[in-house]
1. Filter region 22-55 for residues that are within 12 Å of the ligand (Cβ to nearest atom) and within 21 Å of THR151 (Cβ to Cβ); which is surrounded by the fewest Cβ atoms within 10 Å (Cβ to Cβ)?
2. Yes or no: LYS225 crowded, with 20+ Cβ neighbours inside 10 Å, at pLDDT 95 or above and out of contact with any strand residue (DSSP E or B) (no Cβ under 7 Å at 6 or more places or on another chain)?
3. Among (1) assigned to a helix (DSSP H, G or I); (2) in contact (Cβ under 8 Å) with a residue 40 or more places away in the chain; (3) of a type outside the set (Lys, Arg), there is one condition ILE189 misses while meeting the rest; what is its number?
4. Within the group GLU246, GLU305, GLU239, which residue is away from the ligand (no atom under 14 Å from the Cβ) and either open to solvent by less than 20 Å² (accessible area, probe 1.4 Å) or within 24 Å of ALA27 (Cα to Cα) (or both)?
5. Restricting attention to region 56-89, which residues are surrounded by fewer than 19 Cβ atoms within 10 Å (Cβ to Cβ), closer than 12 Å to LEU43 by Cα and small (Gly, Ala, Ser)?
6. Inspect region 287-294 for any residue being assigned to a loop (DSSP other than H, G, I, E, B) and either under 22 Å from VAL202 (Cβ atoms) or more than 13 Å from the ligand (Cβ to nearest atom) (or both) and give the result as yes or no.
7. When you check ALA140 against the structure, is it touching a strand residue (DSSP E or B) at 6+ places or on another chain (Cβ under 7 Å), open to solvent by less than 20 Å² (accessible area, probe 1.4 Å) and either more than 24 Å from LEU233 (Cα to Cα) or without any contact (Cβ under 8 Å) to a residue 60 or more places away in the chain (or both), yes or no?
8. With out of contact with any Pro (no Cβ under 6 Å at 6 or more places or on another chain) and not in a loop (DSSP other than H, G, I, E, B) as the only criterion, which of ILE298, ILE212, ILE312, ILE265 stands out?
Amino acid sequence: MDLTSFPRVKLGHLPTPLEHLPRLSEALGGPEIWIKRDDCTGLSTGGNKTRKLEFLMAEAIEQGAEMVLTQGAVQSNHARQTAAAAAKLGFKCHLLLENRTGSEESLYLDNGNVLLDTLHGATYEHRPADLDMHQELLDAAAKFEAEGVKTYVIPGGGSNPTGALGYVNCGIELMGQINDTGLQFDHLIHATGSQGTQAGLVAGFKLVSSPIPILGIGVRAPKDKQEAAVFALTQKTLELFPNAPEVKREDVVANCNYVGEGYGIPSEGGLEAIRMCAELEGLLFDPVYSAKGMAGMIDLIRKGEFKKGERIVFVHTGGSVALFGYQNYFA
Ligand SMILES: *Cc1c(COP(=O)(O)O)cnc(C)c1O
């Protein structure tokens with residue numbers, strides 16, 4: 001399986017390491033836990049959007065764009081990685097940042113990812129919660145186009161079939177590491193939000209005939225909505241491949257019991273996961289995504305759903321820069 005027919009620009013430090021977490025595994029007394037270090041993709045502190053941007057930015061170059069626009073929450077890791085990719089490749093970058101949590105904290109509004117957006121030379125505008133953010137994004141792009149700027153619009157999270165190719169690539173890469181190490185995994189677990197990561201992984205595993213079940217831990221939408229959206233994007237992503245195998249609805253599984261009070265609002269389990277991983281493994285997780293994913297995994301191990309004798313790979317999607325926007329939760 002190769003992706004060489006798709007335009008791509010190298011942005012990430014790939015392949016990312018696959019590492020054993022012996023102290024966390026021992027503390028939980030359940031399965032052997034491994035981690036795929038997609039927090040180490042390299043671009044402006046890394047994270048999962050870098051893989052997607054390799055394919056999206058290549059499309060922007062092909063279309064002769066001068067400016068890329070995207071949208072996300074205020075502490076969007078996607079916005080920050082897009083700003084960095086744009087800087088590296090010589091694009092202007094404009095961001096729409098939605099205040100989904102309604103926070104008025106200056107740490108949240110100006111530090112963490114927002115600080116890095118600014119350092120990368122991106123411009124941004126705020127939006128209140130609950131607007132149709134994709135329409136806002138199209139409207140913003142239309143304004144720049146009217147001024148004669150050629151724009152390329154990246155949807156929130158970089159989650160369209162082109163962006164999902166980044167996680168098809170991750171699925172292929174992981175299968176290569178499994179072959180090299182001889183490790184068998186019983187489950188793959190990761191945080192799922194705008195769906196591109198899970199859709200890409202499910203599509204990638206289909207294309208390499210991996211039987212490893214994938215579990216997305218939701219950070220925003222309820223289960224039915226999340227699974228339906230991931231499934232639709234998986235189908236569209238597989239359409240990019242001639243003669244691709246079919247994805248079944250039951251191949252897409254999300255557990256959305258760990259959202260807590262809402263998107264971007266730290267949960268007790270997430271804060272515990274941040275402390276455990278930092279103290280036991282020297283790893284940093286973020287309260288919005290990866291820690292809620294980790295909290296789901298920890299809880300399911302404690303409930304006995306994943307057992308001793310099994311082996312799990314958790315895909316670390318990054319986000320630790322957001323910790324600086326949430327400092328007051330750790331006082
Ligand atoms: C965006 C993001 C996710 C979710 O990935 P999607 O492709 O949007 O589902 C998970 N973790 C982090 C740190 C992210 O920034």
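1. That would be LEU53.
2. On the way: crowded, with 20+ Cβ neighbours inside 10 Å: no; at pLDDT 95 or above: yes; out of contact with any strand residue (DSSP E or B) (no Cβ under 7 Å at 6 or more places or on another chain): yes.
In short, no.
3. (1)
4. Working: GLU246 fails: either open to solvent by less than 20 Å² (accessible area, probe 1.4 Å) or within 24 Å of ALA27 (Cα to Cα) (or both); GLU239 fails: either open to solvent by less than 20 Å² (accessible area, probe 1.4 Å) or within 24 Å of ALA27 (Cα to Cα) (or both).
It is GLU305.
5. ALA87 - this is the single residue of region 56-89 that is surrounded by fewer than 19 Cβ atoms within 10 Å (Cβ to Cβ), closer than 12 Å to LEU43 by Cα and small (Gly, Ala, Ser).
6. The first filter runs over region 287-294 and keeps only residues assigned to a loop (DSSP other than H, G, I, E, B), leaving 287-289.
Okay, now just the ones that are also either under 22 Å from VAL202 (Cβ atoms) or more than 13 Å from the ligand (Cβ to nearest atom) (or both), so 289.
Yes; the residues of region 287-294 include at least one that is assigned to a loop (DSSP other than H, G, I, E, B) and either under 22 Å from VAL202 (Cβ atoms) or more than 13 Å from the ligand (Cβ to nearest atom) (or both).
7. On the way: touching a strand residue (DSSP E or B) at 6+ places or on another chain (Cβ under 7 Å): yes; open to solvent by less than 20 Å² (accessible area, probe 1.4 Å): yes; either more than 24 Å from LEU233 (Cα to Cα) or without any contact (Cβ under 8 Å) to a residue 60 or more places away in the chain (or both): yes.
For ALA140, the condition - touching a strand residue (DSSP E or B) at 6+ places or on another chain (Cβ under 7 Å), open to solvent by less than 20 Å² (accessible area, probe 1.4 Å) and either more than 24 Å from LEU233 (Cα to Cα) or without any contact (Cβ under 8 Å) to a residue 60 or more places away in the chain (or both) - is met.
8. On the way: ILE212 fails: not in a loop (DSSP other than H, G, I, E, B); ILE312 fails: out of contact with any Pro (no Cβ under 6 Å at 6 or more places or on another chain); ILE265 fails: not in a loop (DSSP other than H, G, I, E, B).
Only one candidate qualifies: ILE298.
The values are calculated or read from the model by the stated rules, or taken from the named source; none is laboratory data. Please read these numbers as outputs of a predicted model, since none were measured by experiment. Backbone-built Cβ (ideal geometry, glycine too); neighbour counts: all protein chains shown. Heads up: the accessible areas ignore ligands, DNA and RNA and are worked out on the full protein's heavy atoms, side chains in. Shrake-Rupley method; radii C 1.70, N 1.55, O 1.52, S 1.80 Å.
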